[in-house]
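The values are calculated or read from the model by the stated rules, or taken from the named source; none is laboratory data. Note that the structure is a prediction, hence the values are computed from the model and not measured. All Cβ positions, glycine included, derive from the backbone under ideal geometry; neighbour counts span all protein chains shown.
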Amino acid sequence: MKLNRRAVFGTVTASALALSLAACGGGDDDDSGSDGDMVSGEIIGTGASFPDAYYAAAIEAYADVNPDLIVTYDAVGSGTGKSDFGEGLNDFAGTDSLVAEGDGPEEGAYQYIPTVAAPITVSYNLPDVEGVQLGQETLAAIFQGDITSWDDDAIAADNPDLELPTTDITIAHRSDGSGTTGNFTLFLDEATDTWTLGAGDTVEWPSNSVGGDGNTGVAQNIQNTEGAIGYVDLADATETGLTFASIENADGNFVQPSLEGTTAGLDGAVVNDDLSYNPLNASGPEAYPITAPTYILIQTEYEDADKAAGVKAFLTWLLTDGQEIAADVHFAALPEGLQQQALDTLNETIPD
Amino acid sequence: MTTLTNGTPPDLTGKNLSFKRAAANRAATLGIALCVLIAAFPLGLVAYQVISRGGSAMSLGFFTEEIARNYRTEGGGMGPAIVGTLLITGMAALISIPIGVFGAIYLNEYGKTSPLAKFIRTMSDVMTGVPSIVMGLFIYVAYVVVIGERNGLAGALALACLMLPIVIRSTEEMLRLVPDELRQASAAMGARKWRTTLGVVLPAASSGITSGSLLAVARAAGETAPIIVTVGLTYIYKPDLFDGANTTLAAQIYRNATQPFDASQERAWGAAMALIMIVFVFTIVSRIIASRFAIDKR
Amino acid sequence: MSDDPLDASSADGVFGRSATEFGVTALTTTASPQVPDDLDLGGDSRARGTDRGFRGLVTFAGLTVLIVLALILVTTTARAMPAIGHEGLWGFITGTRWAPNDDIFGTFPMLYGTLVTSLIGMIVAVPVSIGIALFITEVAHLRLRKYIVTVIDLLATVPSVVFGLVGVLVVVPFIVEWYQAFSDLVSPIPVLSSLFGPANTGQNYFTAGMILAIMAIPIITSIAREVFDTVPEADKQAAYALGATRWEMIKGAMLPHSFGGLVGASMLGLGRAMGETIAVALVIGGAFHISANMFDTGNTMAAVIAQQWGESTALHTDALVGIGVVLFAITVIINFAARGIVRRAEIQMRGSNA
């Protein structure tokens, strides 16, 4: 075993050496070509799991653009991402929620950079029933356990044309703390007066519920449980082949979750000075009401100039060419205005 | 009744057994055998699932290539995670097994029933019950935050904390089984206690200690929660445990299994298979070593 | 079946246990003469120094456990104080609402879940492990024994995350119908109907308990085997000589003699079960209520830390660390209780021998 390990170590060291030599060679070429854009090094981001699928795809694509800058995104959760940011454990943090007191990052030490947004679907499992529409009040009543059966009058009122079964409702929710839960409950909290469970990353769900690990876990639970209803991000819901409900938006229209509807929602949202914005229940006839924004936190002052250059290079790409990948992985790109705003802020925060 | 062929336990032919006793005996034997099947079933299920689903992910590239950054794309390998698993678990074993074995020597050869030894014994039992994530949090607070980065060594320290009590308690059990006659014989030959302990007692218990330590290593290699908290993530080879974020197979299983994409789930099963293979090879090799060094086989 | 007890004590190959032969002679234990600690047959002072040095070294190694535990306890308690102070220690442990949004942190639902799942795990694992250990030591042929030992060792090497993976992707989806069928079956029976109520999902206390059982079996089995080896061969032979069947011999000679050791083995298994994190987090269902229905979703203390750690901030994080502290305290209590049981059993045994 000892021998084995040494052998493995040997090959690894050798290959690592070869890699780093190759990397150096590449770097030299770039310098001689006086291409200032090609930053090298390694930057690490930790945080939200909600945009992980997008960042993973973006990082892969970026590796082709600039193989010398190794970007790693570790989806440990927004909370951990923020506290890592405060402890200086990462170079940038991903977060679905805004920074609150006690989260870690100090006032003035961070800047929000919005990256993408995504709709949160309300998916259900009723064989032979398609096109369920749910009003905002009905949605709240279902998810706080006031409505426990699919043939309830409130659901029937939203769906005059549908034949609804007597199946019991099982709520599928996240068992782990999650920004998806946070945004979904924030929507119910803001949009309705009747929602009593509050808004947050962890909510006290009623007893007719089952928790799943991650969006995937929730999607699987919906798939496996007849009568289940739950909130899942569009990427996971599409991948798992779930059926979505149409949700009533601020203008009173029932809208299917879609990337266009999400971008419409972003257009209708008011952007604050610090680039934070709230796209939930935004106005607009086509706007899908349950839309989750996600941000990257960057430091206002980086101690290491290389890290600063790396973060800037990656984010600049993410806000330009990187936006085109978003739709492929079921995330909505930012509207052009917000894109430009984010780029300007990035350039101000990290000057060349 | 029972088909006792050689009849060595005297007069157990069963002819003069009452029906009730014979039935009880047979039922008990059956029940005992059933227990083995109950334990074998989950192993079979896991083996079948992992091999059938993980097998298709296997290729030479899977063992050597860097980890795919994107969950959706096929290809890429688990090379860095395999190296990370070996190095981090190996380092954890390097830290915890010597300390654990020496600690057990203290308990069984020196401390015995002294209050301190009893206390240490109780506390190591308590320590086996500390959830792995709490060990991770402890290292996070005491090491990661202090040095300002997640790295492989932090993972090794967390795993070492997990392994330590298991190694101590299992080693002590094994040392206890070494007959006092051996110690007395060694002492009678004029050997000092430390020589007796290292030269006679420890070798006599070596195979048992190895298998106990293996339980600990196996548990550590599959730990996920402390790795996520302390080690971070990387896609590239990181042979230096002190050089920034690293990764292990267990963490990759968890990371990929929680994605809905076929490519990533296949990677998760592949990583599971690779992890089991590593632990399996390790087990067999250590067993052979142990049996060669066991004093009773000489 | 070759169940000759003398045969059982002979060595087996690579997968065997070396101490077996010693088991025969060694463990008439309690009475066997000890080498005095301070035995000094002279020798030069350098050798004596080495001895002292070695003693110091191993003592320090033993103390490492205490040092690490103390560090864990201090760092985690300090971190958890804000949350525990917020609720009061009693409120933190007995509170039945876990609502991080409203800064309400009552851990009783998780405490309950931990106890229930561990109990289910132990109810399954302890008898099964003892059965396997008996099969290996008393029933199996030499060759068969080798295979079984291998199977159990392999079971121990399967990483918990793999059990979680198979549990959540393979077992959970189909087992829910079995649960429901069983629930329907027992619905007329008073107590069982409330214990095994309707099953909406395969993620529940029972599934988690089963996974814990599978994880505890190898640990308990391997120690139980060692314990059974300590049963004096003379006792076994005596039982056979009196005409006992194998089962009667096990019941009369082996189990009473091994009781203390088996409790100790179970405790180690329980320790593993209570601390298991990821596998349980995947199959427990993540609900914060207290239900007598074993087919209901729930949560355990270790699992909730893993589930919520990533998205927790401020007081919520402190409360999660606080759960770790409480879990730690429970392990201490259970261990001391187990020690009490073992001591009492030993006294009883000695009494009957005398």
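Among what's in the stretch B:242-263 and is closer than 15 Å to B:Gly76 by Cβ and assigned to a loop (DSSP other than H, G, I, E, B), pick the residue that is farthest from the other protein chains (Cβ to nearest Cβ).
Among residues in the stretch B:242-263 that are closer than 15 Å to B:Gly76 by Cβ and assigned to a loop (DSSP other than H, G, I, E, B), the one farthest from the other protein chains (Cβ to nearest Cβ) is B:Thr247.
One line per residue, one yes/no per condition, for (1) acidic (Asp, Glu); (2) modelled with pLDDT under 80; (3) in the same structural domain as A:Asp103 (by TED's automatic domain parsing):
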position: A:Cys24; (1), (2), (3): no, yes, yes
position: A:Gly27; (1), (2), (3): no, yes, yes
position: A:Ser32; (1), (2), (3): no, yes, yes
position: A:Asp35; (1), (2), (3): yes, yes, yes
position: A:Glu42; (1), (2), (3): yes, no, yes
position: A:Val65; (1), (2), (3): no, no, yes
position: A:Leu69; (1), (2), (3): no, no, yes
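Exactly one condition in (1) in contact (Cβ under 8 Å) with a residue 60 or more places away in the chain; (2) buried (at least 17 other Cβ atoms within 10 Å of the Cβ) is false for A:Thr316; which is it?
A:Thr316 satisfies every listed condition except (1).
Just need a number here: residues in the stretch B:20-37 that are in contact (Cβ under 8 Å) with a residue 12 or more places away in the chain and under 19 Å from C:Val151 (Cα atoms).
0
For the stretch C:179-205, how many residues are within 14 Å of chain A (Cβ to nearest Cβ) and surrounded by fewer than 24 Cβ atoms within 10 Å (Cβ to Cβ)?
Qualifying residue count, the stretch C:179-205: 4.
Pick from A:Ile147, A:Ile169, A:Ile142, A:Ile155: which is over 20 Å from the mean Cα position of the chain (by Cα) and closer than 23 Å to C:Val168 by Cβ?
A:Ile169
Criterion first (facing chain B (nearest Cβ under 9 Å), touching a helix residue (DSSP H, G or I) at 6+ places or on another chain (Cβ under 6 Å) and under 30 Å from B:Arg287 (Cα atoms)) does C:Gly131 satisfy it? Give the derivation first.
On the way: facing chain B (nearest Cβ under 9 Å): yes; touching a helix residue (DSSP H, G or I) at 6+ places or on another chain (Cβ under 6 Å): yes; under 30 Å from B:Arg287 (Cα atoms): yes.
Criteria met by C:Gly131.
Tally time: how many residues in the stretch C:124-156 are assigned to a helix (DSSP H, G or I) and in contact (Cβ under 8 Å) with a residue 24 or more places away in the chain? Break it down stepwise before answering.
So in the stretch C:124-156, the residues assigned to a helix (DSSP H, G or I) come out as C:124-139, C:142-156.
Cutting the leftovers down to in contact (Cβ under 8 Å) with a residue 24 or more places away in the chain gives us C:124-126, C:128-130, C:132-134, C:136-139, C:142, C:145-146, C:149-150, C:152-153, C:155-156.
Of the residues in the stretch C:124-156, 22 are assigned to a helix (DSSP H, G or I) and in contact (Cβ under 8 Å) with a residue 24 or more places away in the chain.
Starting from residues that are in contact with a Leu (Cβ under 9 Å, 6 or more places away or on another chain) and within 7 Å of another protein chain (Cβ to nearest Cβ), keep the ones in the stretch A:218-240 and report whichever is farthest from A:Val132 (Cα to Cα).
A:Asp236
Looking only at the stretch C:68-83, filter to residues that are crowded, with 21+ Cβ neighbours inside 10 Å and more than 10 Å from chain B (Cβ to nearest Cβ); which one of those is farthest from B:Leu162 (Cα to Cα)?
Within the stretch C:68-83, the match that is farthest from B:Leu162 (Cα to Cα) is C:Ala83.
Can you find a residue in the stretch C:253-274 that is in contact with an Asp or Glu (Cβ under 6 Å, 6 or more places away or on another chain), at pLDDT 85 or above, part of a helix (DSSP H, G or I) and of a type outside the set (Asp, Glu)?
yes
If C:Gly167 meets every condition in (1) more than 18 Å from B:Arg219 (Cα to Cα); (2) at pLDDT 85 or above; (3) crowded, with 22+ Cβ neighbours inside 10 Å apart from one, which number is that one?
(1)
Suppose we filter C:Ala281, C:Ala287, C:Ala314 for residues that are surrounded by fewer than 24 Cβ atoms within 10 Å (Cβ to Cβ) and either touching a residue at least 24 places away in the same chain (Cβ under 8 Å) or in the same structural domain as C:Phe105 (by TED's automatic domain parsing) (or both); which single one remains?
So the residue among C:Ala281, C:Ala287, C:Ala314 that is surrounded by fewer than 24 Cβ atoms within 10 Å (Cβ to Cβ) and either touching a residue at least 24 places away in the same chain (Cβ under 8 Å) or in the same structural domain as C:Phe105 (by TED's automatic domain parsing) (or both) is C:Ala314.
Could you check, for the stretch A:148-155, whether at least one of its residues is part of a strand (DSSP E or B) and farther than 30 Å from A:Glu301 by Cβ?
Let us first name the residues in the stretch A:148-155 that are part of a strand (DSSP E or B), namely A:149.
Those still in the list that are farther than 30 Å from A:Glu301 by Cβ too: A:149.
The answer is yes, given that some residue of the stretch A:148-155 is part of a strand (DSSP E or B) and farther than 30 Å from A:Glu301 by Cβ.
Please find, within the stretch A:162-199, the residue that is farthest from A:Asn125 (Cα to Cα) out of those that are without any contact (Cβ under 8 Å) to a residue 24 or more places away in the chain and in a loop (DSSP other than H, G, I, E, B).
A:Asp193
Scan the stretch C:48-67 for residues that are more than 14 Å from B:Thr197 (Cα to Cα), at pLDDT below 90 and at the interface with chain B (Cβ under 8 Å from one of its Cβ atoms) and jot them down.
The answer is C:Arg48, and nothing else.
Is it fair to say C:Glu248 is of a type in the set (D, E, K, R), over 21 Å from the mean Cα position of the chain (by Cα) and under 30 Å from A:Gly145 (Cα atoms)?
On the way: of a type in the set (D, E, K, R): yes; over 21 Å from the mean Cα position of the chain (by Cα): yes; under 30 Å from A:Gly145 (Cα atoms): no.
So C:Glu248 fails the test.
Output yes when any residue across the stretch B:202-213 is within 28 Å of C:Ala281 (Cα to Cα) and surrounded by 24 or more Cβ atoms within 10 Å (Cβ to Cβ), and no when none is.
yes
Taking the stretch B:210-241, which residues are at the interface with another protein chain (Cβ under 7 Å from one of its Cβ atoms), under 19 Å from the mean Cα position of the chain (by Cα) and under 24 Å from A:Gly212 (Cα atoms)?
Across the stretch B:210-241, the qualifying residues are B:Gly222, B:Thr224, B:Ala225.
Residue by residue through the stretch A:206-217, note down the ones that are facing chain C (nearest Cβ under 7 Å) and assigned to a loop (DSSP other than H, G, I, E, B).
Scanning the stretch A:206-217 gives A:Ser207, A:Asp213.
Given the conditions (1) under 23 Å from C:Val304 (Cα atoms); (2) in contact with a His (Cβ under 7 Å, 6 or more places away or on another chain), and given that A:Tyr231 satisfies all but one, which numbered condition is not satisfied?
Tallying (1) under 23 Å from C:Val304 (Cα atoms); (2) in contact with a His (Cβ under 7 Å, 6 or more places away or on another chain), A:Tyr231 fails exactly one: (2).
Which condition number does B:Arg195 fail, the rest of (1) in contact (Cβ under 8 Å) with a residue 12 or more places away in the chain; (2) in a helix (DSSP H, G or I) being met?
Evaluating B:Arg195 over (1) in contact (Cβ under 8 Å) with a residue 12 or more places away in the chain; (2) in a helix (DSSP H, G or I) leaves (1) as the failure.
For the stretch B:49-157, please list each of the helices (runs of 4 or more DSSP H) lying entirely inside it that holds at least 3 residues being surrounded by fewer than 22 Cβ atoms within 10 Å (Cβ to Cβ) and not β-branched (Val, Ile, Thr). I'd like the intermediate steps shown before the answer.
On the way: elements: B:60-64, B:79-105, B:115-128, B:132-139.
Counting at least 3 such residues, we get B:60-64, B:79-105, B:115-128.
Can you pull out the residues in the stretch A:100-129 that are in contact with a helix residue (DSSP H, G or I) (Cβ under 6 Å, 6 or more places away or on another chain) and part of a loop (DSSP other than H, G, I, E, B)?
Listed by number, the residues that qualify are A:Gly102, A:Asp103, A:Gly104, A:Pro105, A:Asn125.
Which members of the stretch C:94-109 meet the condition of being closer than 18 Å to C:Thr297 by Cα, assigned to a loop (DSSP other than H, G, I, E, B) and of a type in the set (Gly, Ala, Ser)?
C:Gly106
In the stretch B:115-157, how many are free of Cβ contacts under 8 Å to residues at least 40 places away in the same chain and more than 10 Å from chain C (Cβ to nearest Cβ)?
Matching residues across the stretch B:115-157 total 5.
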